[in-house]
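Asker: What follows is a single structure, and I will ask about it in a moment.
The values are calculated or read from the model by the stated rules, or taken from the named source; none is laboratory data. Fair warning: this is a prediction, and the values are worked out from it, not measured in the lab. Backbone-built Cβ (ideal geometry, glycine too); neighbour counts: all protein chains shown. When the accessible area is computed, the model is the full protein with side chains, heavy atoms only, and any ligands, DNA or RNA have been set aside. Shrake-Rupley method; radii C 1.70, N 1.55, O 1.52, S 1.80 Å.
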Amino acid sequence: MEPSASAVTEIKDWSKQYNRRHPIASLQTVGRQVTLGRDAFRYLVTDVASRRFPFDEFVGQAVFMVKTSLLPTVAVALPISATLSIQFGLLAGQVGATSLAGAASGLAVIRQSAPLVTAILLAAAVGSALCADLGSRKIREEIDAMEVMGVSVLRKLVVPRLAAGILIAMALTSVSCFVGFLAGYLFNVYVQDGTPGSYMATFSSFATAGDLYLAMVKAAVFGVIVVVIACEKGLNTRGGPGGVANSVNAAVVASIVVLMVVNLGFTQIYTMLFPRTTL
C-alpha cells in the first residue's frame, strides 16, 4: 500500500523544517558557549586582579568536585590501565619486544588515558551536577532575580566554577597518571612476569617532560569544556523539572562528544609538532 500524497508532503515539510531548525539551533548553542567562555575568562582575570574574585565559592566548588569525582576517577583509571598493560604486553610478546611494554603502556596512560578518563568522569559526575544546580536555579527564577538585583551571574556563579574546574581537572589528571602508571607496573610485574627494571628503564628512556605537559594542557582545556557546556545548558534551561533533566542529559552528551573531538585534535597536533622517530 503506497502512502498518500498528503503524508509524503507532510514528511517532506517536517524534514525541511527539521534540517532548517536544528543546524541553526546548534550554531546558536555553540555561539552562546563561546561567548560564555570568553566572558568568564575575562571576568576571571579582572576579578582576580581587582581582588573581587569569590574565593569562598571557588573553594566550595573545588571541594564539591573532588568529593564527586575523585573515587570514580581512581576506580575507572585502575581497570583501564590494567587493560592497556594486558594489550601492550601481549603485543610486545608477539613481536619479541617484551621490554618495551613499560614504555608503551606508560606513555598511553599519560598521553591519552589519564586526561581523557578524568574529563569523562568530570563530565558525567561534575558537569551533570553543575547543570542540574544552575538549571534548578533558573526554573526557580533565582537567576532572573540575581540579574534584576544587578548581580552578575557570570561573576558570582560561572567564574568560580570555571576556575575550580580547571584546577580540579589538572589535579585529578595527575592522580590518574600516578594511579594508572602504578596499576600498569604492578600488573606487568606480578601478573605478566615482567621485570621491574626493564619496565622502568624503557619508560624513562622514551617518556619526556612534554608528555606530562601535554596531559596537563589537555586537562585544563577539558575542564574548561566541561564547565562551560554545563553552565551554558543550565543557564538556558526551560520547561520546569523536565527541562532540567533534558539539560543535564544534553550537557553530558555534548561534553563527551566535544571532549573526544578535541582529544583527537590535540593528539594529531602534538604528533605533527613533536614527531618521534623511534618509540
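Asker: From the backbone phi of the stretch 114-121, what are the Karplus-calculated ³J(HN,Hα) couplings (6.51 cos²θ - 1.76 cosθ + 1.60, θ = phi - 60°) in whole Hz, Gly and Pro given as x?
Answerer: 4, x, 6, 4, 4, 5, 5, 5
Asker: Please give the calculated 222 nm ellipticity per residue for the chain, where each DSSP H segment of at least 4 residues contributes -39500 (n - 2.57) and the sum is spread over every residue; nearest 500 deg cm²/dmol?
Answerer: Details: 10 runs with 224 residues, N = 279.
When only DSSP H runs of four or more count, the value is -28000 deg cm²/dmol.
Asker: Full-extension gain between Ala25 and Glu10, please, as 0.36 nm times their residue separation minus the C-alpha to C-alpha distance. Please report the intermediate quantities before stating the final value.
Answerer: Numbers: separation 15, 0.36 × 15 = 5.40 nm, distance 2.20 nm.
Length gained between Ala25 and Glu10: 3.2 nm.
Asker: What list of ³J(HN,Hα) couplings, whole Hz, do you get for the stretch 205-212 from phi and the Karplus terms 6.51, -1.76, 1.60, once you set θ to phi - 60° and write x for glycine and proline?
Answerer: 6, 9, 7, 10, 5, x, 5, 5
Asker: Can you pull the percent of the chain's accessible area that's carbon plus sulfur, 1.4 Å probe, other chains left in place? Provide the component values of the computation, followed by the final result.
Answerer: Numbers: 10050 of 14830 Å².
It is 68 percent, rounded to a whole number.
Asker: Taking the Cβ-Cβ separation of Val253 and Arg32 as r and a Förster radius of 22 Å, what is the calculated FRET efficiency to the nearest 0.05? Can you show the working numbers first?
Answerer: On the way: r = 17 Å, r/R0 = 0.76.
According to the calculation, E is roughly 0.85.
Asker: Looking at the stretch 33-95, I'd like the Rg to Rh ratio, where Rg is from alpha-carbon atoms and Rh is Kirkwood's inverse mean 1/r. Walk me through the numbers on the way to the answer.
Answerer: Values: Rg = 20.6 Å, Rh = 15.6 Å.
In the stretch 33-95, Rg relative to Rh is 1.32.
Asker: Just subtract the alpha-carbon distance of Met272 and Val175 from 0.36 nm times their residue separation and send over the number in nm, one decimal. Provide the component values of the computation, followed by the final result.
Answerer: Numbers: separation 97, 0.36 × 97 = 34.92 nm, distance 2.76 nm.
Result for the pair: 32.2 nm of gain on full extension.
Asker: Let me spell out the model: positive unit charges on the Cβ of Lys and Arg, negative unit charges on the Cβ of Asp and Glu, origin at the Cα centre of the chain. What dipole size does that give, in debye rounded to 20?
Answerer: 480 debye
Asker: Output wanted: per-residue J couplings in Hz (rounded whole) for the stretch 68-84, from phi through Karplus 6.51 cos²θ - 1.76 cosθ + 1.60, θ = phi - 60°, x for Gly and Pro.
Answerer: 6, 10, 5, 5, x, 5, 5, 5, 7, 5, 4, x, 5, 5, 5, 5, 4
Asker: Okay, moving on. When a/c reaches 1.5 or more, the comparison of a/b and b/c decides; with that in mind, is the stretch 20-66 rounded, prolate or oblate per its Cα gyration tensor? Before the final figure, lay out the partial values.
Answerer: Values: a/c = 5.73, a/b = 1.98, b/c = 2.90.
Oblate, because a/c is 1.5 or more while a/b does not exceed b/c.
Asker: Under the rule a/c < 1.5 gives rounded, and otherwise a/b versus b/c splits prolate from oblate, where does the stretch 121-279 land using the Cα gyration tensor?
Answerer: On the way: a/c = 2.96, a/b = 2.48, b/c = 1.20.
It is prolate, given that a/c is not under 1.5 and a/b is the larger ratio.
Asker: Which whole-number value in Å³ per residue fits the convex hull of the alpha carbons of the chain? It would help to have the intermediate numbers written out before the result.
Answerer: On the way: hull volume 57.2 nm³, N = 279.
Convex hull volume per residue, Cα atoms: 205 Å³.
Asker: May I ask you to derive the FRET efficiency for Asp56 and Leu186 from their Cβ-Cβ distance with R0 = 35 Å, giving the value to the nearest 0.05? Could the numbers behind the result be given before it?
Answerer: Numbers: r = 41 Å, r/R0 = 1.16.
So, using R0 = 35 Å, E works out to roughly 0.30.
Asker: Positive end of the charge dipole of the chain (Lys, Arg +1 and Asp, Glu -1 on Cβ, about the Cα centre): tell me which of Ser113, Leu71, Pro23 has its Cα farthest that way.
Answerer: Value computed over the given set: Pro23.
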